[in-house]
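*Asks:* The structure follows.
Nothing in this text is a laboratory measurement; each read-out follows from the coordinates by a stated rule. If you're wondering where the values come from, they're calculated on a predicted model, not measured in any experiment.
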Amino acid sequence: MAEEDNGAQPPALPENAPTPLPPSRQLSIAPPSPPAGELPPSSQIALPAAAGAVDPQGAVINEILGTARTVAVVGASEKAGKPSHRVSFYLMRAGFEVYPVNPSFPELGGRKAYPDLRSIPVKIDVVDIFRKAEMVPPVVEEAISIGAGAVWMQEGIADEKAASRARAAGLKVVMDRCMMKEHRKMLSLPPEGQ
């Protein structure tokens with residue numbers, strides 16, 4: 001399917017992002033991206049789903065990614081090979097204001113690290129959790145206590161009881177999904193490493 005050239009520039013790629021596929025090899029799954037630095041309204045974001053399947057978390061993911069600006073990464077790591085490190089730096093490059101949460105080091109990527117969520121001096125839109133499942137309930141309770149807008153449990157992490165508690169307190173919840181991967185999908189970027 002050919003697209004019209006409306007003169008709009010494609011969104012800026014994050015530093016070290018792989019080169020996107022040429023338009024002739026891309027599958028159009030979302031409306032054209034807005035100018036760099038702007039996110040489309042969540043009502044215009046479309047995420048792919050299996051043929052005929054509806055993604056039950058899709059609307060929440062779209063809403064969070066379309067509105068969030070501040071992200072606390074609980075379990076952030078200084079080790080470059082760790083997913084929490086990679087996701088933290090991706091989110092920084094993508095324009096999110098990232099607050100690493102880990103009492104083991106003073107900073108990450110030039111940003112002060114905090115020992116816990118209560119120590120962060122700004123309102124947090126999303127608490128991105130990189131902790132083992134048994135550590136999720138206390139993080140969710142702390143997210144509720146600081147008035148966070150959402151909790152996001154990374155791939156492989158799910159706790160339905162903690163999720164229900166967060167929803168009951170008015171927080172949006174995503175479980176078992178990678179915030180970086182979902183953001184890349186929203187921008188129609190290829191998966192990392194392709």
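*Asks:* For the range 72-95 and the range 160-194, what is the separation of their C-alpha centers, rounded to whole Å?
*Replies:* Cα centroid of the range 72-95 versus Cα centroid of the range 160-194: 15 Å apart.
*Asks:* Quick check: from the Cα gyration tensor, does the range 51-194 come out rounded (a/c under 1.5), prolate or oblate?
*Replies:* Oblate, because a/c is 1.5 or more while a/b does not exceed b/c.
*Asks:* Among the listed pairs Lys123/Lys172; Lys82/Lys181; Lys82/Lys132; Lys112/Lys172, give every one whose C-alpha distance is greater than 18 Å.
*Replies:* Cα-Cα > 18 Å for Lys112/Lys172; rest within.
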